[in-house]
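Colleague: Structure incoming, see below.
The values are calculated or read from the model by the stated rules, or taken from the named source; none is laboratory data. Computed from a predicted model, the values in this text were never measured in an experiment. FYI the Cβ positions are ideal-geometry reconstructions off the backbone, even for glycines, and counts take in every protein chain you see. SASA here: full protein model, heavy atoms, side chains in, ligands and nucleic acids out. Shrake-Rupley method; radii C 1.70, N 1.55, O 1.52, S 1.80 Å.
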Amino acid sequence: RDKSSDERISQLAEAQLWRPRVVKANFADLELWRAAIERMPIPIRPGPWFVLGQGLSRQERRSEAALAFLRGPIAQMPDRLLAAESFLAAGKELERMGRIEETATLYREIVADYPFSSAAREASQWLAKPAAASAKSTQGK
């Protein structure tokens, strides 16, 4: 193995250790995780961004959480199921912030781009609700 391969494995192993700690992670922990992610090669960042998003969400840092969830899919994530779940999680953060039209837009993209995923089923159910219908009627205005 080459040194860069070993380093990637080490970085991913470190990020896997965050998963059980996400429930109790504090502000400083999350900032350390963010810095560690920024040092990782782009192809291995999506999963760690998702975990960071979960931690930010637990701290009710909604805007930061939504951005963290979106960072993985924006990096051309090869794992389509994780991409769909990342978009769904970002949509939930947007909804919690009251950004219903943006939530609806993101959920429509999930349904279109990941139609056979559980995230698409959940997004479709949300889109069928009355609040989503009002977001549709204001779209394009």
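Colleague: Restricting to region 56-76, name every residue that is of a type outside the set (S, T, N, Q), closer than 27 Å to Asp6 by Cβ and more than 11 Å from the chain's Cα centre (by Cα).
Modeller: Ala75
Colleague: May I ask you to list the residues in region 80-130 that are aromatic (Phe, Trp, Tyr) and within 12 Å of the chain's Cα centre (by Cα)? Steps first, please.
Modeller: If we filter region 80-130 for residues that are aromatic (Phe, Trp, Tyr), which is where we start, we get 87, 107, 114, 116, 126.
Residue satisfying the conditions is Phe87 alone.
Colleague: For region 93-105, what are the residues that are surrounded by fewer than 21 Cβ atoms within 10 Å (Cβ to Cβ) and not β-branched (Val, Ile, Thr)?
Modeller: Here is the first cut: in region 93-105, the residues surrounded by fewer than 21 Cβ atoms within 10 Å (Cβ to Cβ) are 95-102, 105.
Passing the criteria: Glu95, Arg96, Met97, Gly98, Arg99, Glu101, Glu102.
Colleague: Take the residues of region 4-46 that are modelled with pLDDT of 90 or more and in contact with a Leu (Cβ under 7 Å, 6 or more places away or on another chain): which is nearest to Arg61 (Cα to Cα)?
Modeller: Only one residue fits best here, namely Leu30.
Colleague: Another question about this same structure. Filter region 51-69 for residues that are open to solvent by less than 40 Å² (accessible area, probe 1.4 Å) and either out of contact with any helix residue (DSSP H, G or I) (no Cβ under 8 Å at 6 or more places or on another chain) or not small (Gly, Ala, Ser) (or both) and give the result. Show your work before the answer.
Modeller: Within region 51-69, the first condition is being open to solvent by less than 40 Å² (accessible area, probe 1.4 Å), and the residues that meet it are 51-53, 55-57, 61, 65-66, 68-69.
Residues satisfying the conditions are Val51, Leu52, Leu56, Arg61, Phe69.
Colleague: Write out, first by first residue and then by second, each pair whose Cβ atoms fall under 6 Å of each other, whose residues are 6+ apart or on separate chains, and whose first residue, in region 9-35, is open to solvent by 90 Å² or more (accessible area, probe 1.4 Å) while the second is part of a helix (DSSP H, G or I).
Modeller: Arg19/Val51
Colleague: I've got another one for you. Is there a residue in region 47-54 that is under 30 Å from Ala120 (Cβ atoms), polar (S, T, N, Q) and free of Cβ contacts under 8 Å to residues at least 40 places away in the same chain?
Modeller: Narrowing region 47-54 to residues under 30 Å from Ala120 (Cβ atoms): 47-54.
Those left that are additionally polar (S, T, N, Q): 54.
If we keep only those that are free of Cβ contacts under 8 Å to residues at least 40 places away in the same chain too, we end up with 54.
Yes, the conditions are met somewhere in region 47-54.
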